[in-house]
Amino acid sequence: MADQRVLITGSAGIVGTLMRPRLAKAGRVLRLLDLAEQTPAADGEAVEIVTGSVTDPDAMAKACEGVDALIHLGGHSRENSWEATLDVNINGTQVVLDAAQKAGIQRVILASSNHSVGFRRVDETPEGGHPADSSPRPDTYYGVSKAAIEALGSLYHDRFGMDVIAIRIGSCFESPLVLGPRGLVTWLSPDDGARLFEACLSAPSPGYKLIWGVSDNTRRLYSLTEAESLGYKSLDNAEVYAEQLKDKPLPSGGEWLGGPFCTAPLGHFN
Ligand code: 15L
């Protein structure tokens, strides 16, 4: 049987770098696309390095050739100017989805973010956590772009029958220590991140799904029900870092899911 080829855009970013070794497996080739320089393939590592932009239709068409599934992480991962956010995150995602559809890629996984619903209130958290499939309440231009990415995914599913899963990622970092106390709520451990992407890659006919990407943290405010329905099982909990974070200051914006993004100036890189 031919190898499964998975294209990852934005593979040189934080999440992409964490996923590269974790999503490697026998029978799979990872095609890694980024504008930034990437570590060349190690001996025996089944990766194809591609340099290109998600906003370049020709580069994306070529990158999508022979691909079975696509994980779209590319784009600005924080607040930026409206123009840059519009171009790279919103226009870029349309270019990616269009190239995927034309290449016949049936399964696409989109990196959305907690910031698409950053202005939902912490004190209005329902039992079990905020549901994944809730309408946008973005906290930044970045959050608006993530809501648009979700909408584009929904459109490409309904128009073309592609399976599209948009993940509202909490905070995917090596450990929550870099995030401060908010990380005890929002952390998606890298190993859980890989478990989640594997579930998204293998769930039979998911259609369009909006899910949360978070570990089973004691303090989590997001529902895991939707991700678990695809086969995800979190094995990590940020609480093991609580002692190390107990004296760290709480960030601003603690009354909202988006935390400090809710109080940062709009349109300024932070
Ligand atoms: C995000 O969406 C960002 O991409 C990431 O860098 C973190 O800031 C994360 O949200 C967060 O809320 O911690």
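What follows draws every value from the coordinates through simple rules; no lab data is involved. All figures in this text were calculated on a predicted structure; none of them were measured in a lab. Positions of Cβ are backbone-derived with ideal geometry, glycine not excepted, and every protein chain shown enters the neighbour counts.
I want to verify the translational diffusion coefficient of region 53-197 in µm²/s; compute it with Stokes-Einstein, Rh as the Kirkwood radius over Cα pairs, at 4 °C and 1.567 mPa s. Could you put the intermediate results ahead of the total?
Working: Rh = 16.0 Å.
Result for D is 81 µm²/s.
Of 201, 32, 235, the residue with the greatest mean-square motion in the GNM of the chain, using alpha carbon springs below 10 Å, is 235.
Taking other residues whose beta carbon is less than 10 angstrom from the beta carbon of residue 61, and scoring Lys, Arg as +1 and Asp, Glu as -1, yields -2.
Full extension from residue 218 to residue 266: what is 0.36 nm times the residue separation minus their Cα-Cα distance, to one decimal in nm?
On the way: separation 48, 0.36 × 48 = 17.28 nm, distance 3.13 nm.
Here the segment from residue 218 to residue 266 would lengthen by 14.1 nm.
What are the semi-axes of the equivalent ellipsoid of region 164-205, taken as the square roots of 5 times the eigenvalues of the Cα gyration tensor, listed largest first and rounded to whole Å? Write down the numbers at each step before the final one.
On the way: eigenvalues 114, 20, 7 Å².
So the equivalent ellipsoid measures 24, 10, 6 Å along its semi-axes.
In a solvent-free Debye calculation with one equal scatterer on each Cα, what is log10 I(q)/I(0) for the chain at q = 0.10, 0.12, 0.13 Å⁻¹, listed in the order of the q values? Taking Cα atoms of the chain as identical point scatterers yields -0.47, -0.68, -0.81.
Can you pull the semi-axes for region 1-65, root of five times each eigenvalue of the Cα gyration tensor, sorted largest first, whole Å? Mind dumping the intermediate values first?
Numbers: eigenvalues 70, 43, 18 Å².
Over the Cα atoms of region 1-65, the ellipsoid semi-axes are 19, 15, 10 Å.
For the chain, modelled as a GNM whose springs connect Cα atoms under 10 angstrom apart, the maximal fluctuation among 170, 207, 27 occurs at 27.
Per-residue Karplus couplings for region 222-230, computed as 6.51 cos²θ - 1.76 cosθ + 1.60 with θ equal to phi - 60°, are listed in order as 10, 6, 9, 3, 5, 5, 5, 5, 8 Hz, Gly and Pro entered as x. Counting only residues at least eight positions apart within a chain, or on another chain, the aspartates and glutamates with an alpha carbon under 17 Å from that of residue 25 are 3, 43, 45, 48, 68, 191, 192, 198. Shown in residue order for region 192-206 are the 3J(HN,Hα) couplings computed by the Karplus curve 6.51 cos²θ - 1.76 cosθ + 1.60 at θ = phi - 60°: 5, x, 5, 4, 5, 4, 4, 4, 5, 6, 10, 4, x, 6, x Hz (x for Gly and Pro).
Quick one: angle between helix 92-102 and the longest Cα principal axis of the chain, in degrees between 0 and 90, rounded to 10, please. So the inclination is approximately 40 degrees.
Between 226, 198, 37, the GNM of the chain built on Cα springs shorter than 10 angstrom shows 37 fluctuating the most. Farthest toward the positive end of the dipole of region 4-262, out of 175, 95, 135, is the Cα of 135, where the dipole comes from beta carbon charges about the Cα centre. When you restrict to C-alpha pairs under 8 Å that are six or more residues apart and normalise by the size of region 162-206, the relative contact order lands at 42 percent. Seen from residue 166, the other residues with C-beta closer than 15 Å to its C-beta sum to a net charge of -1, counting Lys and Arg as +1 and Asp and Glu as -1. Here region 163-267 is described by how far its Cα atoms reach on the three principal axes: 44, 33, 19 Å, from widest to narrowest.
When only Cα pairs under 8 Å and 6 or more residues apart are kept, what is the percent relative contact order across the chain? Don't skip to the end; give the middle numbers.
Details: 605 pairs, mean separation 51.3, N = 270.
Reported as a whole number, the value is 19 percent.
Taking only the Cα atoms of region 122-168, the radius of gyration and Dmax are 12.7, 39 Å.
Computed packing ranks the peptides 40-53, 144-157 as 144-157, 40-53, most packed first, by mean other Cβ atoms within 10 Å. Over the residues of the chain, the helix contribution to mean residue ellipticity at 222 nm works out to -7500 deg cm²/dmol, using -39500 (n - 2.57) for each DSSP H run of at least 4. The protection proxy used here, the mean number of other Cβ atoms lying within 10 Å of each residue, ranks peptides 76-82, 7-13, 242-248, 135-141 as follows, highest first: 7-13, 135-141, 76-82, 242-248. Extension gain for the segment residue 86 to residue 198, taken as residue separation times 0.36 nm less the Cα-Cα distance, is 37.4 nm to one decimal. Phi angles of region 171-181 translate, via the Karplus equation with coefficients 6.51, -1.76, 1.60 and θ = phi - 60°, into HN-Hα couplings of 9, 9, 9, 3, 8, x, 5, 6, 9, x, x Hz per residue; Gly and Pro are given as x.
What fraction of the DSSP beta bridges in the chain is antiparallel, stated in percent and rounded to the nearest 5?
Working: 1 of 35 bridges.
Close to 5 percent.
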